[in-house]
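Single-structure report; data block below.
Read-outs: derived from the displayed coordinates by stated rules, not from any lab. Remember, predicted model here, so these are calculated numbers, not experimental data. A quick note on method: Cβ atoms are made from the backbone with ideal geometry, for glycine too, and the neighbour counts reach across all protein chains shown.
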Amino acid sequence: MKSILISWAIGFFGLFVRGFTGFGSALVMMPLFLFVYNLQTSVVIVALLEIAATAYFSLRVWKEIKWSPIAFILPLSLPGVAAGSFFLVHANTGILKRIFGLFVILFTVRIVYQQIHGFPFSPKKWPRQYGFLAGIFSGMLGGLYGTGGPPVTIFLENQLDKKDNLIATQLIYFLILDLVRLIPYGLYNLIGTYELKQALIIFPSTILGMLLGTMVNLHASERVYRLAIAALLLLSGSLLLFGL
């Protein structure tokens, strides 16, 4: 019973974060679920919870989705998921994880500096082709740890000016990514009755968390919202750098 209550609390807080920022649920849930489950079980449960809780809310913000950036992210996200899932089963990826954690922290500093002082570096948008890099790293991290948010969030935060567009575009991207990564998980026999049962038990708390997160988002300013994204990215980068 104690483990169920802990899992409920983790699911609620994780999807509250996704409801508010559009990403970060796996970032919150993965390290905490590792106190309850092993890595492979945690990754699968997080994917199942995110799909179920995100699908309905993606439909609610459908009109705010910007599809053109996604066109540059998805093509390499899919093979990235396959590669990450393979490494999840067969490889030790600690060095890659730490390198990318440092990369995320550096870009987080840039976002914070821009929000405090304006745009000291350049107000220009990055070339859309950078989305290919965001996609492959997001896919690999998603397949490996269920935390594919940082690369795509860094890219979309640069491309989209309004938080409504940013959160909606992130939600639909991560919904697609979560659905796709179930395929290799199934091929590697990572999804079983136990994982499905645990996800079903935790699911109600994730809906409550997502509802509350979206309600808070409606009242947040653009600056507060982007600083919240920066805080999550900093946490994400730190966890990757020092050990998820």
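How high is the relative contact order of the chain, in percent, counting Cα pairs under 8 Å that sit 6 or more residues apart?
In percent, rounded to a whole number, it is 41.
Compute, for the stretch 2-242, the length of the dipole vector about the Cα centre, with Cβ point charges of +1 (Lys, Arg) and -1 (Asp, Glu) only. Units Debye, rounded to 20.
For this selection, approximately 340 debye.
Please list, by residue number, every one of the chymotrypsin sites (Phe, Trp or Tyr not before Pro) in the stretch 32-75 that is coil in DSSP and has at most 12 other beta-carbon atoms within 10 Å.
F35
Based solely on its DSSP helices, what 222 nm [θ] is calculated for the chain when runs of n ≥ 4 H residues each add -39,500 (n - 2.57) and the sum is averaged over all residues, nearest 500 deg cm²/dmol?
Roughly -28000 deg cm²/dmol at 222 nm, from the helical runs in the chain.
Please identify, among P127, P79, P151, the residue showing maximal mean-square fluctuation in a Gaussian network model of the chain using a 10 angstrom Cα cutoff.
Its mean-square fluctuation being the largest, the pick is P127.
From the gyration tensor of the Cα coordinates in the chain, what semi-axes in whole Å does the equivalent ellipsoid have, largest first, with each one equal to sqrt(5λ)?
Listed largest to smallest, the semi-axes of the chain are 26, 20, 17 Å.
Scanning the chain for helices, which whole DSSP H stretches are 18 Å or more long along the axis (Cα) and average 0.0 or more by Kyte-Doolittle?
Once both thresholds are applied, what remains is 2-21, 39-60, 67-90, 94-117, 130-145, 163-187, 193-218, 222-242.
Using a Förster distance of 25 Å, how high is the FRET efficiency between L39 and L106, based on the Cβ-Cβ distance and rounded to 0.05?
With a Förster radius of 25 Å, E is 0.40.
Setting aside same-chain residues fewer than 8 positions from K66, which aspartates and glutamates have a Cα under 13 Å from its Cα?
Here the aspartates and glutamates satisfying the reach criterion relative to K66 are E157, D161, D164.
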